[in-house]
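Please read the structure below before turning to the comments.
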Amino acid sequence: QVQLVESGGGLVQAGDSLRLSCAASGRTFSAYAMAWFRQAPGKERGFVAAIRWSGYNTLYADSVKGRFTISRDNAKNTMYLQMNSLKPEDTAVYYCAVGPIYGSSWPSYTYWGQGTQVTVSS
């Protein structure tokens, strides 16, 4: 059974940093794209960042470009999201996702984690 488990969320102040992790188990995802999405209360799920299986191609939402960095370690079946210069508007539940198609569209991703809360205070 495929399982994605996010960790690393928490409560921080504006300007701080956090590093999220997504550990995948149940199969090998080395040929799959991985991504982060987030959902704030009352808002739709939004794309944050994606990375190809090779790790050489990445894609970011404009709102996080230059502040967030996505990476993956296929040997560990783990993906990361380094978040710097956090802003209150980054507050959301962050979800990791895995799927065969690289991109920013959430229906393209097959497997999802349960989410980790990130709260940024001003």
Residues that are under 17 Å from residue 24 (Cα atoms) and polar (S, T, N, Q): does the stretch 96-104 have at least one? no
Tally, over the stretch 46-72, of residues that are under 14 Å from residue 108 (Cβ atoms), within 12 Å of the chain's Cα centre (by Cα) and among the charged types (D, E, K, R): 0
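Each row is one residue, and each column tells you yes or no for (1) more than 14 Å from residue 22 (Cα to Cα); (2) out of contact with any Pro (no Cβ under 7 Å at 6 or more places or on another chain); (3) of a type in the set (A, V, I, L, M, F, W, C).
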{"site": "53", "(1), (2), (3)": "yes, yes, yes"}
{"site": "70", "(1), (2), (3)": "no, yes, yes"}
{"site": "85", "(1), (2), (3)": "yes, yes, no"}
{"site": "91", "(1), (2), (3)": "yes, yes, no"}
{"site": "109", "(1), (2), (3)": "yes, yes, no"}
Give me the residue from the stretch 100-122 that is touching a strand residue (DSSP E or B) at 6+ places or on another chain (Cβ under 8 Å) and assigned to a helix (DSSP H, G or I) and, out of that set, farthest from residue 37 (Cα to Cα). 108
Hey, could you check the stretch 66-119 for residues that are closer than 22 Å to residue 55 by Cα and among the basic types (Lys, Arg) and say which is surrounded by the most Cβ atoms within 10 Å (Cβ to Cβ)? 72
Quick one: which residue in 100, 88 is closer than 17 Å to residue 11 by Cα and either more than 13 Å from the chain's Cα centre (by Cα) or among the aromatic types (Phe, Trp, Tyr) (or both)? 88
The stretch 53-65, residues that are farther than 17 Å from residue 37 by Cβ and open to solvent by 60 Å² or more (accessible area, probe 1.4 Å): 53, 56, 57
Take residue 34 and decide whether it is out of contact with any Ser or Thr (no Cβ under 9 Å at 6 or more places or on another chain), in a strand (DSSP E or B) and among the aliphatic types (A, V, I, L, M). yes
Failed item in (1) at pLDDT below 95; (2) open to solvent by 20 Å² or more (accessible area, probe 1.4 Å); (3) at negative phi, with residue 42 passing the rest: (3)
Quick check on my filter: what residues within the stretch 85-99 are assigned to a loop (DSSP other than H, G, I, E, B) and in contact with a strand residue (DSSP E or B) (Cβ under 7 Å, 6 or more places away or on another chain)? 86, 87, 91
Residue ID - farthest from the chain's Cα centre (by Cα), chosen from residues in the stretch 12-32 that are over 23 Å from residue 1 (Cα atoms) and surrounded by 17 or more Cβ atoms within 10 Å (Cβ to Cβ): 12
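The values are calculated or read from the model by the stated rules, or taken from the named source; none is laboratory data. Given the structure is predicted, the values throughout are model-derived calculations rather than measurements. Heads up, the Cβs are rebuilt from the backbone with ideal geometry, glycines too, and the neighbour counts pull from every protein chain shown. Surface accessibility is based on the protein's heavy atoms, side chains included, excluding ligands, DNA and RNA. Shrake-Rupley method; radii C 1.70, N 1.55, O 1.52, S 1.80 Å.
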